[in-house]
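Scroll down for the structure; my scribbles are underneath it.
The values are calculated or read from the model by the stated rules, or taken from the named source; none is laboratory data. Computed from a prediction, not measured in an experiment: that's the story for all the values here. Using ideal geometry, Cβ is built from the backbone for each residue, glycine included, and neighbour counts are taken over all protein chains shown.
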Amino acid sequence: MKAALAADNLIEISGLRFSRGSRLIFDGLELAIPRGSITAIMGPSGTGKTTLLRMFTGQLKPDAGSVLVAGQEVPRLSRSDLYALRRRMGMLFQNSALLTDFSVFENVAFPVRENTDLPERLLRNLVLTKLQSVGLRGAANLMPSELSGGMSRRVAMARAMVLDPELLLYDEPFSGLDPISLGVVLRLIRLNNDALGLTSIVVSHDVAEISHIADHCFVISEGKVIASGRPDELADSESELVRQFMTGAVDGPVPFHYPAPDYRQQLLGSS
Amino acid sequence: MTLFMQLQGSLLASMRKLGAVVLFLGEILAQCPAAFTRPRLISAQVHNAGVLSLVIIMTSAFFVGMVIGLQGYDSLARLRQEDILGAGVALTLIKELGPVVTALLFAGRAGTALASEIGLMRATDQLAAMEVMAIDPIRRIVAPRFVGGAISVPLLTAVFNAIGILGAWFIGVYIMGVDGGAFWSQMQEYVDPSDIGEGVSKSIVFGIAASLIAVYEGYNCAPTAEGVGMATTRTVVTTSIAVLILDYMITAFLI
């Protein structure tokens with residue numbers, strides 16, 4: 001299903017509504033992601049950032065609204081059209097999601113083997129090229145259980161890139177990484193985006209890290225985009241919530257204390 | 001009233017689950033032709049579910065056969081009919097015990113392995129990653145495991161029957177002194193092809209049911225450690241009940 005899309009936008013979301021049970025996750029969310037850029041989607045935990053990524057890939061369907069990816073209305077795609085669209089995407093999962101029974105080489109080769117008839121020699125060279133680009137050609141024969149968190153993330157990145165996608169989605173790529181691994185992943189996101197002409201979307205709440213590489217940021221809270229712009233613009237935002245998020249202040253519009261009955265009354269009152 | 005409502009609720013939940021399992025079977029069957037184009041995936045699963053279950057199947061079968069041999073000899077000796085021990089043992093194993101016990105052992109050994117393997121893939125986002133890579137997990141993961149399991153159970157049942165009969169022969173002929181010629185000739189005399197057909201039909205149905213329940217529970221488990229554990233437990237419990245119910249239904253239909 002083709003639909004009108006601004007020429008320089010790869011993704012356009014409008015009027016997105018989605019709920020899980022009685023909890024409303026998105027309430028009329030609107031955003032557009034330009035081609036060729038690195039876009040950060042930020043927001044407090046539980047605001048639905050990963051859910052939004054899963055809307056782009058068609059793993060979740062919205063209750064209402066439009067999710068246009070490369071001019072295609074994702075929720076209305078047939079199974080075969082959705083799979084064709086997914087071949088143009090790559091996604092890096094928070095826990096890397098490597099296939100634990102396969103070696104590093106076979107993990108990266110997996111999408112190629114399943115989706116193409118590439119001869120073995122070409123496949124081998126392609127996989128080694130991708131592994132070289134993330135610095136892990138020497139780890140091709142290791143098993144996922146032998147990798148550190150940062151190495152797993154890089155193997156998953158090579159796997160996500162192996163079919164040369166137009167769109168690369170990163171779900172919390174920095175969580176649990178040591179400073180060296182974090183620096184490597186940051187560099188690879190920027191490098192891959194620029195060298196391969198990708199469009200990258202990074203879901204993260206690591207404000208400092210993402211500010212280094214993002215061209216554009218969206219801050220999501222309570223089901224809507226509450227701020228968008230360049231990272232330096234967001235730091236000077238007039239919204240208290242955005243400033244609290246960007247500076248990591250302990251208290252503010254997002255309170256330190258979860259709503260509770262009066263403290264004194266609870267301590268002194270009967271149980 | 002509350003008890004009635006609880007019963008109604010649980011019956012409705014069971015019906016809903018049965019419907020979901022049948023729909024899941026439909027999805028798997030739709031992907032089976034694609035799975036058959038990659039026989040290596042299926043043979044790997046026949047190895048995992050079948051070959052790796054051989055030790056437990058053969059050991060259990062030998063002891064079950066010895067017990068039937070002993071009990072059968074004890075009962076028949078009272079009627080001075082020890083010579084038909086071979087026929088009795090073969091009919092018991094081929095028509096009933098072989099398919100049922102094999103399916104129950106398969107659920108405990110291979111079914112739990114299937115459910116926990118697929119469940120762990122769900123919990124660690126491996127299945128979600130495949131979906132995003134435009135690889136259908138039902139085609140790539142579930143269908144070969146289902147087919148491999150469904151092929152394995154009838155083959156394991158045949159092995160169970162053969163080893164069980166050998167166990168009964170060992171006790172009856174070698175230990176208790178039943179005439180060897182009578183043991184085998186009476187078996188040949190009384191076991192009809194229709195008896196073997198009944199056993200084979202049962203083992204095919206049990207194989208499909210046990211494999212389907214295992215892959216369904218694994219694929220639909222909650223993506224947590226507890227969810228995988230519960231899926232494994234449910235696989236054994238549901239398969240055991242399903243096999244016993246199906247056994248009665250097939251027996252009643254065929255007799």
For segment A:110-126, give me each residue that is away from every other protein chain (no Cβ under 14 Å) and among the hydrophobic types (A, V, I, L, M, F, W, C). A:LEU118, A:LEU122, A:LEU123, A:LEU126
If A:LEU118 meets every condition in (1) modelled with pLDDT of 90 or more; (2) in a helix (DSSP H, G or I) apart from one, which number is that one? (2)
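Looking only at segment B:134-164, filter to residues that are closer than 17 Å to B:TYR219 by Cβ and within 8 Å of chain A (Cβ to nearest Cβ); which one of those is farthest from the chain's Cα centre (by Cα)?
Of everything passing the filter in segment B:134-164, B:ILE135 is farthest from the chain's Cα centre (by Cα).
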All-but-one check, A:ARG187 against (1) within 27 Å of A:PHE56 (Cα to Cα); (2) buried (at least 16 other Cβ atoms within 10 Å of the Cβ); (3) basic (Lys, Arg), failing number (2)
Since B:ALA113 meets every condition but one in (1) within 14 Å of chain A (Cβ to nearest Cβ); (2) within 30 Å of A:LEU60 (Cβ to Cβ), which condition does it not meet? (2)
Among the residues of segment A:156-176, what is the count of those that are more than 16 Å from the chain's Cα centre (by Cα) and either of a type in the set (Asp, Glu) or away from every other protein chain (no Cβ under 12 Å) (or both)? 1
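Across segment A:45-69, what is the number of residues that are assigned to a loop (DSSP other than H, G, I, E, B) and touching a helix residue (DSSP H, G or I) at 6+ places or on another chain (Cβ under 7 Å)?
Qualifying residue count, segment A:45-69: 6.
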Against the definition (under 15 Å from A:TYR170 (Cα atoms), buried (at least 16 other Cβ atoms within 10 Å of the Cβ) and touching a strand residue (DSSP E or B) at 6+ places or on another chain (Cβ under 9 Å)), how does A:THR47 come out, yes or no? no
In segment B:152-205, which residue that is among the charged types (D, E, K, R) and surrounded by 18 or more Cβ atoms within 10 Å (Cβ to Cβ) is farthest from B:HIS47 (Cα to Cα)? B:GLU198
Hey, B:CYS221 hits all of (1) part of a helix (DSSP H, G or I); (2) in contact (Cβ under 8 Å) with a residue 60 or more places away in the chain but one; which does it fall short on? (1)
Within segment A:82-109, can you find the residues that are part of a helix (DSSP H, G or I) and either facing chain B (nearest Cβ under 7 Å) or in contact with a Lys or Arg (Cβ under 7 Å, 6 or more places away or on another chain) (or both)? A:TYR83, A:ARG86, A:ASN107, A:VAL108
When you scan segment B:120-133, do you find a residue that is buried (at least 24 other Cβ atoms within 10 Å of the Cβ) and more than 14 Å from chain A (Cβ to nearest Cβ), even just one? no
